[in-house]
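The values are calculated or read from the model by the stated rules, or taken from the named source; none is laboratory data. On a predicted model such as this, the values are computed, not experimentally measured, just so you know. Neighbour counts are summed over all protein chains in view; Cβ atoms, including those assigned to glycine, are modelled from backbone coordinates with ideal geometry. We work out accessible area using only protein heavy atoms, side chains counted, and drop any ligands, DNA or RNA first. Shrake-Rupley method; radii C 1.70, N 1.55, O 1.52, S 1.80 Å.
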Amino acid sequence: RPIPARDPETLVVAWQTAVNGTRLQAVFSYPDYRDWRAIAHAVERTALVSWSTAVVTGAGEAERLQGASVTPGFFELLGVPVDGRTFVEQDGAAGAERVAIVSDGFRRRHLASLAQPVGALVTLNGVPRRVVGILRADPLDGVFGPASDAWIPIQQRPQLEARGNRNFTAIARLAPGAS
């Protein structure tokens, strides 16, 4: 079934091939991704995503949910509407304000009592984050990874520069005319 993203037929997942010939999907490190992005001429946009569970606390019952860390530009690559705003480059900078984008289901479960949920604070894994946007549903719809309810930006930190930290999936949108 098509995912609820703009022109899903032009979305691709990047794979790497290990020395032994094994194809691996979620094996990109941030430096690998940066290098690939610099030479990938067949794509017009790229993004990284890494899935993990998160615990939301603070308002009502604690809930374990599926979350994802993404690079700024992830939602623009997918072409999905966000109420509020998407992540900007500054959100990925070291020391930036901690922000999140949440699904409408998350909003209904945890922020329903608020007249304006954009701007609200939520606590994910013990870290307060400001909600900057709300999505109708997971734009990848669980196709490339688990369906998510909360997204946070991948923030620059020293550990991110380790080539051995290979827990990201790279997605891209093909450039016009590329196959």
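Selection of first residues in region 160-179 that are more than 18 Å from Asp32 (Cα to Cα) and of second residues that are in a loop (DSSP other than H, G, I, E, B), restricted to Cβ pairs under 7 Å at least 6 apart or on distinct chains, gives the following pairs, ordered by first then second residue: Leu174/Ala42; Ala175/Ala42; Ala178/Ala42. So which residues in region 111-142 are in contact (Cβ under 8 Å) with a residue 40 or more places away in the chain, open to solvent by 20 Å² or more (accessible area, probe 1.4 Å) and under 14 Å from the mean Cα position of the chain (by Cα), if there are any at all? Ala137, Asp141, listed by residue number.
Here is a yes/no grid of residues against (1) under 28 Å from Pro2 (Cα atoms); (2) among the hydrophobic types (A, V, I, L, M, F, W, C):
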{"residue": "Thr46", "(1), (2)": "yes, no"}
{"residue": "Phe74", "(1), (2)": "yes, yes"}
{"residue": "Thr86", "(1), (2)": "yes, no"}
{"residue": "Glu89", "(1), (2)": "no, no"}
{"residue": "Glu97", "(1), (2)": "no, no"}
{"residue": "Gly105", "(1), (2)": "yes, no"}
{"residue": "Leu114", "(1), (2)": "no, yes"}
{"residue": "Val118", "(1), (2)": "no, yes"}
{"residue": "Val132", "(1), (2)": "yes, yes"}
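Among the residues making up region 143-155, those that are within 11 Å of Ala68 (Cβ to Cβ) and open to solvent by 30 Å² or more (accessible area, probe 1.4 Å) are Phe144, Pro146, Ala147, Asp149, Ile152.
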